[in-house]
1. Restricting to region 121-156, and then to whatever is within 21 Å of GLY104 (Cα to Cα) and of a type in the set (A, V, I, L, M), can you tell me which residue is surrounded by the most Cβ atoms within 10 Å (Cβ to Cβ)?
2. Of the residues that make up region 70-82, is at least one free of Cβ contacts under 8 Å to residues at least 12 places away in the same chain and under 17 Å from MET136 (Cα atoms)?
3. Of all residues in region 41-57, which are of a type in the set (A, V, I, L, M, F, W, C) and surrounded by 13 or more Cβ atoms within 10 Å (Cβ to Cβ)?
4. Kindly provide the set of residues from region 187-240 that are acidic (Asp, Glu), loosely packed, with under 15 Cβ neighbours inside 10 Å and at pLDDT 95 or above, ordered by number.
5. For residues in region 90-116 being of a type in the set (A, V, I, L, M, F, W, C) and over 20 Å from the mean Cα position of the chain (by Cα), which is farthest from LEU27 (Cα to Cα)?
6. Please list, ordered by first then second residue, the pairs with beta carbon atoms under 6 Å, 6 or more apart or interchain, first in region 218-243 and more than 21 Å from ALA163 (Cα to Cα), second of a type in the set (Ser, Thr, Tyr).
Amino acid sequence: MKIAVNTWSLQKLSLASGKSLDEILELIALMDVQAVQTNVDYTLLPPYNSIRGYERLRRRVEGLGLELYSLLVQMNIPGAVRLTSIHAVVNQIEIYLAKAAALGCTILTMPPGDGWRGIDYALGHRMLVDVFQRVMPTAEQYGVKIGLEVGRAAGTFKTPAYALKLVKAIQSAHLTIVPDFEAWRFATDDLPLGVVERPGEVPPEPASMKLFQDCLPYSPYIHAKFLRFDEAGEEPHFPVPELIDAIKRSGSDHVLCVEYEGWIPDIDPHLDPVAETRKGVALLKRRLQIK
């Protein structure tokens, strides 16, 4: 098992204090983890917004003793197809695959998206199948897997259950699932489920543990979402013991990426995201029995 940290965990330092990606990577390197995920937004900023910049970023990460395991992009695939075309969306994903390959990433992580309000399920499914059937040869050519990031969503397609259906339909080793612990979070008095959902929407119930187990054979990469830790360093808003036990019993290797999101305005913006992210790393090591 490898542990990674998502730069999103420390992105407050960029938004509130202007820290660069270089500075954030240096902080992550001190956390004794093996890998890192960053989002595509950082690669749009100097000095990384060019082909030479991608090479520079790759060397920078490797120089810190880390692996740039995943590049995260945000897409609403059915919605983008409706607004543009299948060809345009496939071309955009292929550009992201090329960028991920240039960065040395193993996985290009993206949500499937949910289309638009009132979208017909069959139509959305056909769009997604068509896009990924066309994209898979390019993913295979670059040797970069696409990971469907899925957590709790009130929509139709951005869920673990749908990702499992889509992966089975495409049947390519280069299309995988990135389960986000958020899909299994349960309501607590201090953090009701609506905290990280869109205002006014009723969030669905937590996904079942069986669904998590069913996803694991297709999930080399997992987002370990954490929001708030207790005094013992545990995360009481997720069934962490059950999730980790399922991962340990899965019989396959996984990379677990700490995604601390407690710094957002409606949770704990006053806390130090570096210290809280370290708690997430420590929790995973403790549960996985990694020294």
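The values are calculated or read from the model by the stated rules, or taken from the named source; none is laboratory data. Quick caveat, the model's predicted, so the values are computed rather than measured. As a convention, Cβ positions derive from the backbone with ideal geometry for all residues, glycine included, and neighbour counts pool all protein chains shown.
1. Of the residues in region 121-156, the ones within 21 Å of GLY104 (Cα to Cα) are 135-149.
If we keep only those that are of a type in the set (A, V, I, L, M) too, we end up with 135-136, 139, 144, 146, 148.
Values: VAL135: 25, MET136: 17, ALA139: 22, VAL144: 25, ILE146: 25, LEU148: 28.
Here the residue is LEU148.
2. No, because not a single residue in region 70-82 is free of Cβ contacts under 8 Å to residues at least 12 places away in the same chain and under 17 Å from MET136 (Cα atoms).
3. Of all residues in region 41-57, those of a type in the set (A, V, I, L, M, F, W, C) come to 44-45, 51, 57.
Selection gives LEU57 alone.
4. Taking region 187-240 as the starting set, the residues that turn out to be acidic (Asp, Glu) are 189-190, 197, 201, 205, 214, 230-231, 234-235.
Now narrow it down to the ones that are loosely packed, with under 15 Cβ neighbours inside 10 Å: 189-190, 201, 205, 230-231.
Matches in region 187-240: ASP230, GLU231.
5. Selected residue: TRP116.
6. PHE226/TYR260; HIS237/THR188
Matching residues to (1) out of contact with any Pro (no Cβ under 6 Å at 6 or more places or on another chain); (2) of a type outside the set (A, V, I, L, M); (3) modelled with pLDDT of 95 or more:
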{"position": "GLY79", "(1), (2), (3)": "yes, yes, yes"}
{"position": "GLY124", "(1), (2), (3)": "no, yes, yes"}
{"position": "VAL131", "(1), (2), (3)": "yes, no, yes"}
{"position": "TYR162", "(1), (2), (3)": "yes, yes, yes"}
{"position": "ILE170", "(1), (2), (3)": "yes, no, yes"}
{"position": "ALA173", "(1), (2), (3)": "yes, no, yes"}
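To keep it simple, each residue is scored yes or no on (1) over 24 Å from SER219 (Cα atoms); (2) at pLDDT below 95; (3) basic (Lys, Arg).
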residue	(1), (2), (3)
LEU10	yes, no, no
VAL40	no, no, no
ILE51	yes, yes, no
LEU83	yes, no, no
ILE86	yes, no, no
GLN92	no, no, no
